[in-house]
Amino acid sequence: MCPPTYFDVVYAINDWMSPGEQVDRPRALAQWHTLVDTYRALGHEVVVIDAVEGLPDMVFVTDSGVVVDGVALGARYRCAQRRAEAGHVLRWFRENGLLTPRSPRFVNEGEGDFLVVGDVILGGTGFRSDPRSHAEAAAHLGRPVVPLTLVDSRYYHLNTALGVLDDATIAYLPAAFSPESLLLLRRMFPDAVIADESDTQWLGLNLVSDGLHVVLPEQATRLSDQLVDRGYDPVPVDYSEFLKSGGGIKCSTMELRGYRQFCEMGS
Ligand code: ARG
């Protein structure tokens, strides 16, 4: 995770952002610290990368890479405003013993568009990540990547329209996907939780689950009720200050899969 030390809205690269809107930075910092504390209270380890001045979106560190079995793929941002973030995170990967950290050839916005579900990776495209990044990620990470096309610009990253609940279960917003992608999702995940705009307007699907506890925005109450019905344990937090930038909980949380297990410095 990366603290929102320099968090701000000074450019608009998605529909949620309007430059000039005042960001309450102390509130953002407090919400971020609460999220860190929430993970720690659930028994998860949180490691932190330093924020960099001039990079107001760096708090959304998940967009800067994907890690599977300790193997790290860096990001390449579509928008110039965020491009420098990728280098800082790649260096962190190198300095912290992640395996074969690599800067990709094609545009990919890390776990913004790549979501790991069990042994497969769902790969979003349409607004940010280049479809050619899917084969590149599959080769580097050794997992198949299933391509999904996003069609609603409010849901510009896959993780704004789809949340992973466990190794076999997802939740998603059907309206965010092309008809072909929707067919694929229905076939792959017939038991998926179906979300609606009452939750996604709060980025309710931008959630982090350990398979039981699902950390999600406290405003996503309908989704939370559905999760209870399915036997999950929702953990609501207020992360609303970050909506001003179109970011949420998952955007702020890169999962370092296998870091302790496979990486020398992580063990
Ligand atoms: N302002 C950031 C951007 O548009 C927000 C990124 C949020 N990350 C995410 N995975 N949705 O790039």
Any chance GLY247 is within 16 Å of the ligand (Cβ to nearest atom), outside any loop (DSSP other than H, G, I, E, B) and either among the acidic types (Asp, Glu) or surrounded by 24 or more Cβ atoms within 10 Å (Cβ to Cβ) (or both):
no
Using the structure shown, decide if GLU111 is touching a residue at least 60 places away in the same chain (Cβ under 8 Å) and either within 13 Å of the ligand (Cβ to nearest atom) or closer than 27 Å to CYS2 by Cα (or both).
yes
Scan region 147-160 for residues that are touching a residue at least 40 places away in the same chain (Cβ under 8 Å) and over 16 Å from THR253 (Cα atoms) and jot them down.
SER153, ARG154, TYR155, TYR156
For region 172-181, check the following and say yes or no: at least one residue is without any contact (Cβ under 8 Å) to a residue 12 or more places away in the chain and out of contact with any Lys or Arg (no Cβ under 7 Å at 6 or more places or on another chain).
yes
Pairs under 8 Å by beta carbon, first residue touching a residue at least 12 places away in the same chain (Cβ under 8 Å) and more than 19 Å from TYR259 (Cβ to Cβ) in region 30-51, partner assigned to a helix (DSSP H, G or I) and among the charged types (D, E, K, R), six or more apart or different chains?
GLN31/GLU241
Suppose the filter is within 11 Å of the ligand (Cβ to nearest atom), closer than 25 Å to ARG257 by Cβ and either modelled with pLDDT of 95 or more or under 18 Å from the mean Cα position of the chain (by Cα) (or both); does ASP15 pass it?
no
Has region 179-192 got at least one residue that is within 16 Å of the ligand (Cβ to nearest atom) and of a type in the set (Gly, Ala, Ser)?
no
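The values are calculated or read from the model by the stated rules, or taken from the named source; none is laboratory data. Every value quoted in this text rests on a predicted model; they were computed, and no experiment measured them. Cβ: placed from backbone, ideal geometry, glycine included. Neighbour counts: every protein chain shown.
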